[in-house]
Amino acid sequence: MFKVNDLRELIRAVDRSNIDELIVKGENNEKVVIRKKGAVVTTSETVEAISPAPVAQSTLPVAPPPSPPVPQEVKNEEPISTPVPAVEENLHKITSPMVGTFYAAASPDSPPYVKKGDQVKNDSVVCIVEAMKLMNELEAEVNGEIVEVLVENGQLVEYGQPLFLVRV
């Protein structure tokens, strides 16, 4: 299973590079796709033939199989942008390290990891972001109090989208 910190480093590396997309396959057929926001990625047979190569050392972009057109998703961005309260100096935003589905609890029957008013430590799990059937636990990475939960359970989230506000 991929570790959240490793995924964050890959996301930063893709963000700083001139590639638009990176696909990483793990040992147990786990697969993570990192795509820059607004990137137009095309699929070709040549690129698909490269995908079995070890991705950890490769910087070549590898495109996934054809998917529905992206412009339809861009039109529906309004629900994703949630109103953010006035930013105070001592507020920290916990953001999504990837595109995926936000889950506030480990299972539908479980209580949420955190809610408004809860105290968190830097290693406290605050939510799960599911990406390609991989459940990635996000940690608070700061000590403080949850001031606001900015997304709904089951909502699709974007890379870098604020999920929580924490008073540090």
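The values are calculated or read from the model by the stated rules, or taken from the named source; none is laboratory data. Fair warning: this is a prediction, and the values are worked out from it, not measured in the lab. Backbone-built Cβ (ideal geometry, glycine too); neighbour counts: all protein chains shown.
Points worth noting:
- Enumeration of residues in region 132-149 that are under 23 Å from Lys31 (Cβ atoms), aliphatic (A, V, I, L, M) and in a strand (DSSP E or B): Leu134, Met135, Leu138
- Qualifying residue in region 59-73 (condition: modelled with pLDDT of 90 or more, in a loop (DSSP other than H, G, I, E, B) and not hydroxyl-bearing (Ser, Thr, Tyr)): no
- Of the residues Val129, Val114, Val120, the single one that is surrounded by 14 or more Cβ atoms within 10 Å (Cβ to Cβ), modelled with pLDDT of 90 or more and within 29 Å of Val24 (Cα to Cα) is Val129.
- Count - residues of region 117-162 that are under 18 Å from Arg12 (Cβ atoms) and in contact with a Cys (Cβ under 9 Å, 6 or more places away or on another chain): 1
- Leading residue by the ranking (farthest from Val149 (Cα to Cα)) among those in region 115-139 that are within 11 Å of the chain's Cα centre (by Cα) and among the acidic types (Asp, Glu): Glu130
- Answer from Gly38, Gly100 - the residue that is small (Gly, Ala, Ser), over 15 Å from Val129 (Cα atoms) and either modelled with pLDDT of 50 or more or not assigned by TED's automatic domain parsing to the domain that holds Val142 (or both): Gly38
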